[in-house]
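The values are calculated or read from the model by the stated rules, or taken from the named source; none is laboratory data. What you see is a predicted model; the values in this text were computed from it and never measured. As a convention, Cβ positions derive from the backbone with ideal geometry for all residues, glycine included, and neighbour counts pool all protein chains shown. Accessible surface is based on the protein model in full, side chains and every heavy atom, while ligands, DNA and RNA are left aside. Shrake-Rupley method; radii C 1.70, N 1.55, O 1.52, S 1.80 Å.
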Amino acid sequence: MNKNILNLSTTLVFALILSFLLPWWSVMLAAFLASLIFPLKGVATFFIPFMAIFGFWLAYTFMLSSSNDFTLASKIAVLLPLGGNPYALIAVTAAIGGLAAGIAGVFGQQCKALLKK
């Protein structure tokens, strides 16, 4: 199997399991651990964990927000410069999670390279 797919699926599985046990930063731990197990090369080191957690948080926040008819998301979107659009808030939330996971993935790859030496 391709290391990109293995890293993506491992990040998703770790994120799903750890999200039940830890706060929001568990996605960073998931990306870090997946990058230690399956190190990537080049820009994939950042973008594979980014896409995994972006998709995970996009689906998860949409599911949570749709259960209450986007009421809370609409109220929070008014506080931010999003024009009260709950879908924009969901996209921003997913992007922030993706950035955190991408940076943690790069850190995991760098730690793996350091441990090899």
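Table for the structure above
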read-out: Given (1) outside any helix (DSSP H, G or I); (2) of a type in the set (Phe, Trp, Tyr); (3) open to solvent by less than 40 Å² (accessible area, probe 1.4 Å), number of the condition Trp24 does not satisfy; value: (3)
read-out: Selected residue (only one of Leu82, Leu29 is touching a residue at least 24 places away in the same chain (Cβ under 8 Å) and open to solvent by 40 Å² or more (accessible area, probe 1.4 Å)); value: Leu29
read-out: Counted residues, region 32-75 - those being open to solvent by 70 Å² or more (accessible area, probe 1.4 Å), of a type in the set (A, V, I, L, M) and part of a helix (DSSP H, G or I); value: 5
read-out: Selection count where residues are open to solvent by less than 60 Å² (accessible area, probe 1.4 Å) and over 22 Å from Thr71 (Cα atoms), scope region 86-100; value: 2
read-out: Residue within region 33-44 that is free of Cβ contacts under 8 Å to residues at least 24 places away in the same chain and more than 27 Å from Lys3 (Cβ to Cβ) present; value: no
read-out: Hits in region 76-117 - residues which are part of a helix (DSSP H, G or I), small (Gly, Ala, Ser) and touching a helix residue (DSSP H, G or I) at 6+ places or on another chain (Cβ under 6 Å); value: Ala77, Ala94, Gly97, Gly98, Ala100, Ala101, Gly102, Ala104, Gly105, Gly108
read-out: Positions within region 101-117 being open to solvent by 20 Å² or more (accessible area, probe 1.4 Å) and of a type outside the set (S, T, N, Q), in sequence order; value: Ile103, Val106, Phe107, Cys111, Lys112, Ala113, Leu114, Leu115, Lys116, Lys117
read-out: Qualifying residues in region 45-67 (those that are among the polar types (S, T, N, Q) and free of Cβ contacts under 8 Å to residues at least 24 places away in the same chain) - the one nearest to Asn4 (Cα to Cα); value: Ser66
